[in-house]
Amino acid sequence: MATTQPIRNKHQVRIFAQYYLKLGKIRNHVLVVFGLHTALRICDLLCLTWDDVYDFDNRRFRNSISITENKTRKSKTITLNKRAIAALGVYLSSAERGVFLFASRKGENAAISRQQAYRIIRAASDALGFACRVSCHSLRKTFGYHAWKADVPPMVIMKVFNHSNLAVTQRYLGITQDDIDDCYHKIASLI
């Protein structure tokens, strides 16, 4: 079985993030953007409600969200950056107390399933012709890869992911020979 990969090309990340917005499928757009900008696992994304991201009393988006991860049971605070908040702003007309952020059209107040989230992610990557294997976990890996490329220290990325050791984080980053070659070229300009 092929390993899920991060989306390494910045241009591809941008068009991927905008794919559903251009189609007018706002929920799907926010799912992709939130996955790319929060580094949450899909099960944690799907558990979010509007109350987690929006302060209804003060009529404003929250600056951060606090969750307990389903997989690790570890607490985590995620800062909502300007792109995550901008995506929510487009989606605000759907805001309702107690309603799942990624609500299903089936049933009453249910989140979309993991399988549906996978179909959403794969449909966009297939339509855009991505060569690498993209799945829900690719969103999380893409966050880590681009954080690393932006010189965020691997130990910080490890903490963002709530990984227990650096070896797991290193696998997430999907480092290729091109990345290693780039390291040698960067050193030439530093030393």
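Every read-out reported here was derived from the displayed coordinates using simple, explicitly stated rules and does not represent laboratory data. Bear in mind the structure is a predicted one, so any value in this text is a computation, not a measurement. Every residue, glycine as well, gets a Cβ built from its backbone with ideal geometry; the counts of neighbours run over all protein chains shown.
Things to note:
- Packing around the peptides 131-138, 31-38, 70-77, taken as the average count of other Cβ atoms within 10 Å per residue, puts them in this order, highest first: 31-38, 131-138, 70-77.
- In the list (1) 141; (2) 133; (3) 113, the label attached to volume of the Cα convex hull per residue in Å³ as derived from the coordinates here is (1).
- CD proxy at 222 nm, helix term only [per DSSP H run n ≥ 4: -39500 (n - 2.57); per residue of the chain; nearest 500]: -16000 deg cm²/dmol
- Protection proxy ranking of 18-27, 39-48, by the mean of other Cβ atoms within 10 Å over each peptide's residues and highest first, is 39-48, 18-27.
- Whole-Hz couplings from phi, Karplus 6.51/-1.76/1.60, listed for region 113-128; x for Gly and Pro: 7, 4, 5, 5, 4, 4, 4, 4, 5, 5, 4, 5, 5, 5, 5, 8
- Whole-angstrom gap from region 139-160 to region 1-34, using each part's C-alpha centre: 17
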